[in-house]
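Only the coordinates and a few stated rules stand behind these numbers; no lab work does. Computed from a prediction, not measured in an experiment: that's the story for all the values here. Don't worry about glycine lacking a Cβ; one is built from the backbone with ideal geometry, like all the others, and counts go over all protein chains shown.
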Amino acid sequence: MENKAIDLLVHHIGVLVTMRGKDEPRTGRDMAEVGVVEHGAVAIRDGKIFAVGQEEEVRAQIAGMAVKQELDVQGRLVTPGLIDPHTHLVHGGSREHELSLKLKGVPYLEILAQGGGILSTVRATRTASEEALYEKAKKSLDQMLLYGATTVEVKSGYGLRLEDELKQLRVAKRLDETHPVDVVSTFMGAHAVPEEYKGRSAEYVDLVIHEMLPEVKRQGLAEFCDVFCEHGVFSVEESRRILSAAKANGFGLKIHADEIEPMGGAQLAGELGCISAEHLLAATDEGLEAMRDAGVIAVCLPATSFNLRLTSHARARAMIDMGVPVALSTDYNPGSSPTESLQLVMTLGCLNLGMTPEEVLTAMTINAAHAIGRADTVGSLEVGKQADLVIYDAHNLAYLPYHFGVNHVDTVVKNGKVVVA
Ligand code: NIG
Ligand code: FE
């Protein structure tokens, strides 16, 4: 019977990491509970998981049903599709010229203050055509998929004027519609104060609040709003104004908080009930406690602290131990983190943040799904969820962060279809 068929049976899985279990974001010891099944299988129907578990059990559940396609993964490791909950995917140009400045010791915020950094990408993004932005972003999204990402959050923030912010967000929307990877969009008009508003940040904040936010909402181009709350960028008070207006417009809230200076961004995230706060290298204990009490997810970005040559990193261990749920992301962008590889982030999450391989996987699957409001459909392998799976040329989880700098992905299944083989 055609309507009772299994479309794809992934079987002979040596180690199947399901992440099944709790509904809420994970922290503490729960971050190490990854739901491993040995000798596993996943049966997929209509793009969704129909049965998952030990191969014998799955075969018993689908007994009598036709199986249209089988994928024998020969004892390999399988995880849920990886989720990258923080990227600046859509932008013009690149910034390799900043490498020599960095090597001379010029700090990131100094490059920005001199009109470089984010502002040089703003110039390149404003002059780029929508088509060129799409083609460039698509190439990077292809890379992300090849490295195992099946859902990616994408921020605007290199337009810094209405028409160019909308241009970036339209590109993100088109990628969501045309690319196998699911794209979740965030409006980040408050990523920097544009050159034409230099010294007039209050006026720019007004523009973001009164013109950009309502128009982005009206066109339905973003689900979340993010602000770069940092010394010399947007103050805590300006961030509060923007995020409060975003909340009133129905956006979910995110904040780049306490990346370089302890500004109180983490406390603000708690106060406003942000879904996530990002970076957090300089977050104080009080800030982290405010996040924990409000259930804010910490999105840590170890590729950024590595690439900025910082000697300290986000205190992920302390966050987990005190009950803050942690997610991990590439922060892919042309300045502070030019990498699409979540597998590199796995290694840095272990070596620089002190997380275990299990915690790292939790942080880039189910907790990352929570950080972008998608935990009901992706982030774990459970009956009824989207069939997003990664099959690695590896036989256990620790092998991924251990053997670094190469791509371990063998096959990616997205919505039940093999999209990387
Ligand atoms: O998350 N910190 C601010 N924004 C980005 C960097 C953007 C850029 O340098 O172009 C980040 O690191
Ligand atoms: Fe960022």
DSSP beta bridge pairing in the chain, given as percent antiparallel to the nearest 5: 40 percent
Top of LEU389, LEU397, LEU342 by mean-square fluctuation, Gaussian network on the chain, Cα under 10 Å: LEU397
30 Å Cα-Cα threshold exceeded, pairs from LYS22/LYS217; LYS167/LYS385; LYS48/LYS167; LYS155/LYS198; LYS138/LYS417; LYS4/LYS155: LYS22/LYS217; LYS167/LYS385; LYS48/LYS167; LYS4/LYS155
Kirkwood-type radius of the stretch 67-129, with distances r between different C-alpha atoms, in Å: 15.7 Å
DSSP beta bridge pairing in the stretch 4-107, given as percent antiparallel to the nearest 5: 70 percent
Cα Rg, Dmax (largest Cα-Cα span) when computed across the stretch 276-339, Å: 11.7, 34
Extension reserve of the ASP46-ASP176 stretch, reckoned as 0.36 nm per residue once the Cα distance is removed: 44.9 nm
Euclidean distance between Cα centres, the stretch 274-330 to the stretch 106-184, Å: 23 Å
Ellipsoid equivalent to the stretch 1-68 - semi-axes via the Cα gyration tensor, in Å: 27, 13, 8
Highest-MSF residue in the chain out of GLN69, GLN54, GLN143 [GNM, Cα springs under 10 Å]: GLN69
Electrostatic dipole magnitude of the stretch 83-371 [Cβ: Lys, Arg +1; Asp, Glu -1; Cα centre; debye, to 20]: 480 debye
Alpha carbon Rg of the stretch 79-177, scaled by the compact-globule rule 2.2 N^0.38 Å: 1.16
Filtered trypsin sites (Lys or Arg not before Pro), the stretch 303-358: DSSP coil and at most 13 other beta carbons within 10 Å: ARG309
Percent breakdown of C-alpha pair distances by 20 Å bin, ordered from the shortest bin, for the chain: 28, 57, 14, 0
